[in-house]
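Note sheet for the following structure.
Just so you know, all these numbers are worked out from the coordinates, no wet-lab data involved. Being a predicted model, the structure only gives us computed values, none of them experimental. Counting neighbours? That spans all protein chains shown, and the Cβs are built from the backbone with ideal geometry, glycine included.
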Amino acid sequence: MTSKLLLAGVIGDPIAHSRSPVLHGHWLQHYGINGHYVPLHVTRDRLEEVLELLPDLGFSGINVTIPHKETVLQLADNVTDRAALIGAANTLTFTAKGKLQADNTDGYGFIENIRQNTEDWSAREGPALVLGAGGAARAIVSTLLAEGSPHVFLVNRTRARAEALQDHFGARVQVVDWTHIPDLLPETALLVNTTSLGMEGKQPLNINLDRLNPATVVNDIVYTPLQTDLLQEAAERGCHTVDGLGMLLHQASPGFERWFGVKPEVDDALRVAVLDE
Ligand code: ATR
């Protein structure tokens, strides 16, 4: 007797670059699950129709990527608190009662990555300095606040975007100018780059790290390259560094567990499988 075939996938436009199929495919094989995870190219004009069709085709759920992460909130029957707070969803589940549930696991992926790669880390230990104010920053700031971060300093090229986050999240978030980064470094417990600067093919992230405190944990959500200049320089200054690949891997875990019924392990074998892709 074979168990029921389980289906999930990822929808976006474009979709060819997505690493999610390899990631979920690795877990499906590792846990011997009778299931498939497929990339589906879905344009904006077909989104609603596709979301209605997928459960009828047997899908348990679906990941959502650019450009649908915000739009799906309007189409969902239930939106988790964290997805509502972030204003975007990346993990949709078709419930047994025929409802569409929208969740955002980016912040979870971020924090689990930091936790897995540090000892006894706590957001409560001191202020965080977050570079960037896009979608990823929104999820990260929201999670840091929920985890008890006393203060989040936010720096962004477009100041108005950072101010919008400050308005949204309240007094513990403070917008600062790019030029003030060096003054904040000595007191920063956690430094996170959420911009695309430093990514292969993009401009470098040019910040002066002379005043970086060796006790600061430094994380870059860029994972191509794995060892960004920021992480390299921080490590040379004695800081504990955490690369960005783990965030991608951990954010996938809640969806996999919901759709395929196993809480998957984020380990070196998974990292190798995704990097080899
Ligand atoms: P994501 O959802 O991955 O966070 P995003 O919403 O496009 O992507 O955000 C990208 C972030 O990188 C933003 O903070 C962006 O700054 P702006 O808000 O000013 O656009 C930042 N970023 C991208 N290219 C940049 C550059 N050349 N210089 C400075 N910041 C840059």
Quiz item: When Rg is the radius of gyration of the Cα atoms in the stretch 76-161 and Rh is its Kirkwood radius, what does Rg/Rh come to?
Solution: 1.04
Practice problem: Quick one: work out Rg over Rh on the C-alpha atoms of the stretch 144-277, Rh as Kirkwood radius. | Solution: 1.00
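Please go through the stretch 144-203 and write out the trypsin sites (Lys or Arg not before Pro) that DSSP classes as loop and that have at most 12 other C-beta atoms within 10 Å.
Those satisfying the criteria are Arg157, Lys202.
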Exercise. Normalising by the residue count of the chain, find the relative contact order in percent from Cα pairs under 8 Å and 6+ residues apart.
Key: 17 percent
Self-check item: Alpha-carbon spread of the chain, three principal axes, descending order, Å
Solution: 62, 38, 35
Quiz prompt | trypsin sites (Lys or Arg not before Pro) within the stretch 1-46: DSSP coil, no more than 14 neighbouring Cβ in 10 Å | solution = Lys4
Quiz item: Listed highest first by mean packing, meaning other Cβ atoms within 10 Å per residue, what order do 268-274, 254-260 come in?
Solution: 254-260, 268-274
Exercise. Please work out the C-alpha center-to-center distance from the stretch 128-168 to the stretch 218-257 and express it in whole Å.
Key: 18 Å
Quiz prompt | Per-selection metrics, the stretch 207-277 (Cα): Rg and Dmax in Å | solution = 15.0, 48
Quiz item: For the chain, what are the DSSP H helices with axial Cα length of 20 Å or more and mean Kyte-Doolittle hydropathy of at least 0.0?
Solution: 245-260
